[in-house]
Ligand SMILES: NC(=O)c1ccc[n+]([C@@H]2O[C@H](COP(=O)([O-])OP(=O)(O)OC[C@H]3O[C@@H](n4cnc5c(N)ncnc54)[C@H](O)[C@@H]3O)[C@@H](O)[C@H]2O)c1
């Protein structure tokens, strides 16, 4: 059976890393068809708007999209397209895995942490922002809801079950922010009781930052509110060597969008040197989401083996390969072809 997904190639390096990613997916024979649609600068040039209705319709129709990075033009009147997509489809769960890979400039080894960030409410949204006439006082509303906390915490536990994870840590600041953060913590404690097979603990966000740096191996799945999740997921990416290997998923009840966390990298666009790993790891998350866990694991294993062998990797990873040659090396491993060399010249 085939499944059609919406594919947004994106701007800058987007088309190059998307081509590499689809090459690996095709080698895996996932039974996926692609409907290519536009967003960002590519859409503005072709259709006169950044986020055409046809693109929203395709995502709604297929329920799953793989998205390259989008350039949001600088200047007033252009809202972030990623935020617009999250709002439009009510993509409440932002899932960010941070996994150690060999041959990267990471500070730690053997890290495997998934941050599940609430994506639709809380301080990050900066609702009702005002600045007083004298410029002295700025304020905004922090609104967390029981419904919002419930669905994100339940998502985190269900993800833990699905992926065979052992522990969920709820990160909060309920000791000081008694209502907004306290509500989230109360909900987390309640829902944890429904999952006796998963260990549960709670941690205050400032301590979590220190603990992540001192002993990151104690974490498995982290669930937290929007702003804390925004910060912690980048901290976790930093533990495993930065955004180059950081995938992200934005998931709602009716749609899910998978993407690399990095941007469109205009400085290297068109040079065939962009690293496709983050988008490919996002595609692996997408395969998991579609129930093809085995294929998702094969993608991650291929990346692991290719990086371990330093085979045809791109300059950001210290190699002299190209986006295309890196993709070939990954395909070789996915297919277990003889072309895969165990130590290709860096
Ligand atoms: N998810 C998204 O769509 C998304 C996320 C962040 C930024 N952006 C957009 O991207 C544009 C550029 O933003 P930026 O320069 O701040 O961040 P960026 O992530 O595009 O680039 C930062 C640095 O990392 C390098 N880099 C990024 N991805 C790489 C890859 N795959 N391989 C090798 N090197 C890579 C770039 O060359 C650059 O030096 C902006 O228009 C921004 O709005 C989009």
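What follows draws every value from the coordinates through simple rules; no lab data is involved. For clarity, every value in this text was computed on a predicted model and none was experimentally measured. Neighbour counts run over all protein chains shown; Cβ positions are idealised from the backbone, glycine included.
Values computed for the structure shown
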item: Using alpha-carbon coordinates, inclination of helix 226-239 to the longest axis of the chain, degrees; result: 40 degrees
item: For region 1-130: rounded, prolate or oblate by the Cα gyration tensor [a/c cutoff 1.5]; result: oblate
item: Efficiency of FRET from Cβ geometry, residue 201 and residue 272, R₀ 41 Å, rounded to 0.05; result: 0.35
item: Calculated FRET efficiency for the pair residue 19/residue 320, C-beta based, R₀ 22 Å, to 0.05; result: 0.65
item: Three-way shape label, region 120-239, alpha-carbon gyration tensor, a/c 1.5; result: prolate
item: FRET E, pair residue 130, residue 74, Förster distance 25 Å, beta-carbon r, rounded to 0.05; result: 0.55
item: Inter-probe distance in nm under a simple model that places probes 7 Å from Cα toward Cβ, at residue 178 and residue 217; result: 4.0 nm
item: Ranking of 66, 131 by count of other Cβ atoms within 10 Å, fewest first; result: 131, 66
item: GNM result for the chain, Cα springs below 10 Å: residue of 292, 214, 203 fluctuating most strongly; result: 214
item: Taking 114, 99 and counting other C-beta atoms within 10 Å, the order from fewest to most; result: 99, 114
item: Shape call, region 263-308: gyration tensor on alpha carbons, a/c limit 1.5; result: oblate
item: Ranked 88, 262, criterion: other C-beta atoms within 10 Å, fewest first; result: 88, 262
item: Gaussian network model of the chain, Cα within-10 Å springs - most flexible of 63, 244, 48; result: 48
item: Tilt relative to the chain, helix 277-289 - C-alpha long axis, 0 to 90 degrees, to 10; result: 70 degrees
